[in-house]
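Engineer: Let me give you the structure first, and then I'll get to my questions.
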Amino acid sequence: MGKSASFTCTACGVSHRKWSGQCEACGAWNTIVEEAPLSTGPKSKSLGANRGAALNLTDLSDSEPPPPRTHSTIAELDRVLGGGLVPASAILVGGDPGIGKSTLLLQAAARFAAQGLSTVYISGEEAGAQVRMRAARLGLSDAPVKLATATSLRDILTTLDTTAPDLVIIDSIQTMWIDTIDSAPGSVAQVRAVAHELTTFAKRKGTAVVLVGHVTKEGQIAGPRVVEHMVDTVLYFEGERGHQFRILRSVKNRFGPADEIGVFEMTGRGLAEVANPSALFLSGRGDPTPGSVVFAGIEGTRPLLVELQALVAPTPHAQPRRAVVGWDSARLAMILAVLEARCGIPFTGLDVYLNVAGGIRISEPAADLAVAAALLSAREDASLPAEAVIFGEISLSGALRPVAQTENRLKEAKKLGFTSAIVPSGGKPGATGGLALREFGDLTAFTGEIFGAG
Ligand code: TYD
Ligand code: MG
């Protein structure tokens, strides 16, 4: 029998029946590779009489105490973990090469070790001297973290089995290999097998295991997404090149809320926590400029003010440009369509650029109204009042919908010195934090009153 699904996309991990140049699932090019499927011993014999041990079946009501957690004392990290590190958990930390994963995890390792966790850092990428140099730069040379450089999982597991540490960091999953599998380190099969062995080890020994995974753009190396389903917690470390801000974001967490973010700043001596990110993202804002608005967003449990910037200009091209940084381009197209169809404000013949300042990515629909305001402000060359924040979801009919956590958004705006807010009507905030609210039921009313457009 031919084996099905022996082609796998290294970017998203989806299996395909045959090879093709582009992955249908994630759209990446040249990422599909042929993989020997994971073998699980002698092929598909019936279990027959050779039964395993009986399972211990329990009631749903059986109560288990919440897992004990260790705080790293890096508040931005602990929040993203859902309130600290859970023993026996497997955590994946993904991110672009060079974004600062090793730096973050060495700092975290030192802090956890200082809390009394026996901590092992295994580097498969850098020589011991390099890791020690980084430690010296971070002022962590005396931290009680045990270091090893290795890539053979067999050796690593032998070591971990005898030392049974509380926390082990594997940097990175793509450099590790297991000798029962034929393909090269970094292949989908290797990365999955290594992740499987290490997560099993975590459960067996009660060790928290952190797997570092580089995000790969294309080629033969498997990205962190191929092991996302195997771990308890998935964190991504993001940032724009040229910006010193770094965002640690939880996209999956069995032990806490997903979509939580921690904000850091890369300094000459490692990553520093940013306790007040709104102030950071709004710094550098001068006088009100057309096209610039302040969106009062929520990331996870935390309010975050960011500046949205739009530029609208007559296009020299046959096909006008739509370029977005930090937001969803499909969502931008939707808002342009609603502005045109419901408010009679066309963008034909105009290039549209939208940028979320500071290098952060926003995915909330609550930013719709702020985006529309930035676009109109740029198009009409009229600025919004400098002391106003704005948020709200736009539906295809052009109606404005109230969004969650209105009060928290207003409170954060107040804290940063804003005095008014443009919001959808019906949001019913219990308290406005002293901000003057300007409420609108639909986009036409908003564009008419604020910009005299439509
Ligand atoms: P690194 O943690 O090695 O990234 P990753 O493990 O994700 O590949 O960080 C690499 C970058 O961070 C590198 O360009 C140097 C910079 N850096 C600082 O700016 N300050 C520091 O204190 C350290 C240790 C690194
Ligand atoms: Mg690294």
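Engineer: State, as an integer percentage, the relative contact order of the range 103-148 based on alpha-carbon contacts under 8 Å between residues 6 or more apart.
Structural biologist: 53 percent
Engineer: Summarise the accessible area of the range 75-275 (1.4 Å probe, protein heavy atoms) by the percent that is carbon and sulfur.
Structural biologist: Here carbon and sulfur together make up 52 percent of the probe-accessible area.
Engineer: Right, next: If you average over every viewing direction, what projected area does the convex hull of the Cα atoms of the range 310-433 give, in nm²?
Structural biologist: With the hull built on Cα positions only, its mean projection is 7.9 nm².
Engineer: Just read off the accessible area of Arg69 with the full protein assembly in place, 1.4 Å probe, to the nearest 10 Å².
Structural biologist: Ignoring ligands and nucleic acids, Arg69 comes out at about 70 Å².
Engineer: Quick one: check the C-alpha center-to-center distance for the range 430-448 versus the range 71-86, whole angstrom.
Structural biologist: Spelled out, the Cα-based centre of one part sits 36 Å from the other.
Engineer: Does anything in the range 246-287 have its amide N under 17 Å from the 7 Å Cα→Cβ label point of Glu64, and if so which residues?
Structural biologist: Taking a point 7 Å out along Cα→Cβ of Glu64, the residues of the range 246-287 whose backbone N falls under 17 Å are 253-257.
Engineer: Once you place label points 7 Å from the Cα toward the Cβ at Thr162 and Glu24, how far apart are they in nm?
Structural biologist: Result: 5.1 nm between the two label points.
Engineer: Stretch Gln319-Glu273 to full length: gain in nm at 0.36 nm per residue minus the Cα-Cα span?
Structural biologist: 12.2 nm
Engineer: Let me ask something additional. What distance in nm separates the simple spin-label points at Ala333 and Leu416, each placed 7 Å from Cα in the Cβ direction?
Structural biologist: 3.0 nm
Engineer: Once you measure Cβ to Cβ distances between cysteines in the chain, which Cys have no partner under 4.7 Å?
Structural biologist: Cysteines lacking a close Cβ partner in the chain: Cys343.
Engineer: So how far apart, in nm, are the two label points at Ser363 and Ser6 if each is 7 Å from Cα heading toward Cβ?
Structural biologist: Taking the two extended label points, one gets 3.5 nm.
Engineer: Could you calculate the FRET efficiency of Ala127 with Ser395 from 1/(1 + (r/R0)^6), where r is the beta carbon distance between them and R0 is 51 Å, rounded to 0.05?
Structural biologist: 0.35
Engineer: When the chain is fully extended, how far beyond the present Cα-Cα distance does Lys252 get from Ser141, taking 0.36 nm per residue of separation?
Structural biologist: 36.7 nm
Engineer: For a distance above 28 Å, tell me the whole-number percent of Cα pairs in the chain that qualify.
Structural biologist: 59 percent
Engineer: If R₀ is 25 angstrom, what is the calculated FRET efficiency for the pair Asp96 and Ser118, using the beta carbon separation as r and rounding to 0.05?
Structural biologist: The computed FRET efficiency comes out at 0.25.
Engineer: Roughly how much of Ser102 is accessible, in Å² to the nearest 10, using a 1.4 Å probe?
Structural biologist: Estimated to the nearest 10 Å², Ser102 gives 20 Å².
Engineer: Also: Take the residue pairs Lys217/Lys252; Lys101/Lys415; Lys146/Lys203 and return only those whose Cα atoms are more than 25 Å apart.
Structural biologist: Flagged as over cut-off: Lys101/Lys415.
Engineer: For the chain, what's the relative contact order in percent, using C-alpha pairs closer than 8 Å and at least 6 residues apart?
Structural biologist: This gives 13 percent for the chain.
Engineer: 5 Å is the cut-off here: which amide hydrogens, built 1.01 Å from N in the peptide plane, fall below it relative to Thr207, excluding neighbours closer than 5 in sequence?
Structural biologist: Ala88
Engineer: Pulled fully out, how much extra length does the chain show between Leu57 and Thr200, if you take 0.36 nm times their separation in residues and subtract their Cα-Cα distance?
Structural biologist: Full extension from Leu57 to Thr200 adds 49.4 nm.
Engineer: Starting with the highest mean, order 174-186, 355-367 by the number of other Cβ atoms within 10 Å, averaged over the residues of each peptide.
Structural biologist: The packing order, highest mean first, is 355-367, 174-186.
Engineer: What's the ranking of 221-234, 331-344, 311-324, 397-410 by average number of surrounding C-beta atoms within 10 Å, highest first?
Structural biologist: 221-234, 397-410, 331-344, 311-324
Engineer: When only Cα pairs under 8 Å and 6 or more residues apart are kept, what is the percent relative contact order across the range 280-451?
Structural biologist: 25 percent.
The values are calculated or read from the model by the stated rules, or taken from the named source; none is laboratory data. Treat the numbers as computed from the prediction; the structure is a model and nothing was measured. Note: ideal-geometry Cβ built from the backbone for every residue, glycine included; neighbour counts use all protein chains shown. Calculation scope for accessible area: heavy atoms of the full protein, side chains included, ligands and nucleic acids excluded. Shrake-Rupley method; radii C 1.70, N 1.55, O 1.52, S 1.80 Å.
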